[in-house]
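Each remark here refers to the structure printed beneath this line.
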Amino acid sequence: MSGMKRIIECVPNFSEGRDLDKIDKIINPFRGKKDVKLLDYQRDEDHNRLVVTAIGEPVSMKQAVVEAMGVAIDLIDMRKHKGQHPRMGAIDVVPFIPVRNMSMTEAIDFSKDVAKEVAAKYALPVFLYEESATVPERKNLAVIRKGQFEKMAEKIKASEWKPDYGPGEIHESAGVTAIGARMPLVAFNVNLGTDDMKIADAIAKNVRHISGGLRYCKAIGIALKERGIVQVSMNMTDYTKTSLYRSFELVRTEAKRYGVNVIGSEIVGLVPMEALIDTAVYYMGIEEFTMEQVLEARIWE
């Protein structure tokens, strides 16, 4: 990876979190490639979802992403897919984040280039979202995904939901995909000491921005059946403006209304150091602390 002039991050979400053989095959295109580094992958059986995090030089990253998407299309049949996390395709969403020597405008152009290629190669309908969105209504992934795979075949027939790339009907087994450029996102989940989904849904509604909650927070309630609990699953779309500790404390405050305790939390995938430092500073009450006081940050300069 040394000597790279430009670096882009990709965090594709695949609709497979249970079959280890399939997961290994989907991840494999990110392994052993020049100028691409697989940083992390996490699977969740309840969500039935795989989240991959990789960084790389744009040309090599494109090759890896296109190949991985092809593998997922071959292996995942959405007609049989069941999971707690909302999804609309075998490759549900493919976000690109500019990391080094790459502007957001360049990341947008890159996302469109990838979208155009996979649409043509795999006959896959692709919606552009977030910063790449061609119309305001498609900026929010939740709006695009509404109805999920089961209702997407009908939804896509409407003129306002014509895909940006690819055919005007869903891929029979792989559904549709959203691709776009965005800011770093933190997938942050808070677990509750109850199995009552009504409580998780009510708290998620009060926490998410679209319902009057925190500005840069998306949230849904999810059942973790194997553990016998529920969670508020959140996407923090700009941790610099809505901190993790704010969403955590709001969930805890709302949970008290129902006599429910927060019993833990989790982060899916990678998280910027600044997001965790910000939270640590809040809970420890450290005064006038800056990132320049973090040893690792100074070493990496």
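The values are calculated or read from the model by the stated rules, or taken from the named source; none is laboratory data. Because the structure is a prediction, the values reported are computed rather than measured. So basically every Cβ, Gly included, is an ideal-geometry build from the backbone, and we count neighbours across all protein chains shown. Heavy atoms of the whole protein, side chains included, go into the accessibility calculation; ligands, DNA and RNA do not. Shrake-Rupley method; radii C 1.70, N 1.55, O 1.52, S 1.80 Å.
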Exercise for the section: Kindly rank 104-110, 61-67 from highest to lowest mean number of other beta carbons found within 10 Å of each residue. Expected result: 61-67, 104-110
Fill in the blank from the handout: Counting only protein heavy atoms and leaving out ligands, DNA and RNA, the solvent-accessible surface of S15 at a 1.4 Å probe, in Å² to the nearest 10, equals 0 Å²
Completion exercise
Per-residue ellipticity at 222 nm attributable to helices in the chain (runs of n ≥ 4 DSSP H, -39500 (n - 2.57) apiece, nearest 500 deg cm²/dmol) works out to -10000 deg cm²/dmol
Handout entry: Lys pairs, the stretch 146-280 - Cα-Cα below 28 angstrom, 8 or more residues apart or on other chains
Key = 29
Handout entry: Those trypsin sites (Lys or Arg not before Pro) in the stretch 223-292 that DSSP places in a loop and that have at most 15 other beta carbons within 10 Å
Key = K225, R227, K241, R257
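Calculate the dipole size of the chain relative to its Cα centre from +1 charges on Lys and Arg beta carbons and -1 charges on Asp and Glu beta carbons; express the result in debye to the nearest 20.
The dipole of the chain has a size of about 640 debye.
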Practice task
Please name which of I277, V59, M234 has its Cα lying farthest along the dipole of the chain towards the positive end, using unit charges on Cβ (Lys, Arg +1; Asp, Glu -1) and the Cα centre as origin.
Solution key: M234
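For the stretch 125-231, which GluC sites (Glu not before Pro) are both in a DSSP coil and crowded by at most 14 other Cβ atoms within 10 Å?
E169, E172, E226
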Practice task
Round to the nearest 10 and report in Å² the accessible area of L244, as given by a 1.4 Å probe over the protein chains' heavy atoms.
Solution key: 10 Å²
Practice task
For the chain, give the share of DSSP beta bridges that are antiparallel, in percent and rounded to the nearest 5; count only bridges with both residues there.
Solution key: 85 percent
Exercise for the section: Considering only protein heavy atoms, with the full assembly of protein chains and a 1.4 angstrom probe, order H81, H209 by accessible area, largest first. Expected result: H209, H81
Exercise for the section: For each pair in K34/K139; K80/K121; K62/K82; K5/K121, compute the distance between the two Cα atoms and list the pairs where it is over 26 Å. Expected result: K34/K139; K62/K82; K5/K121
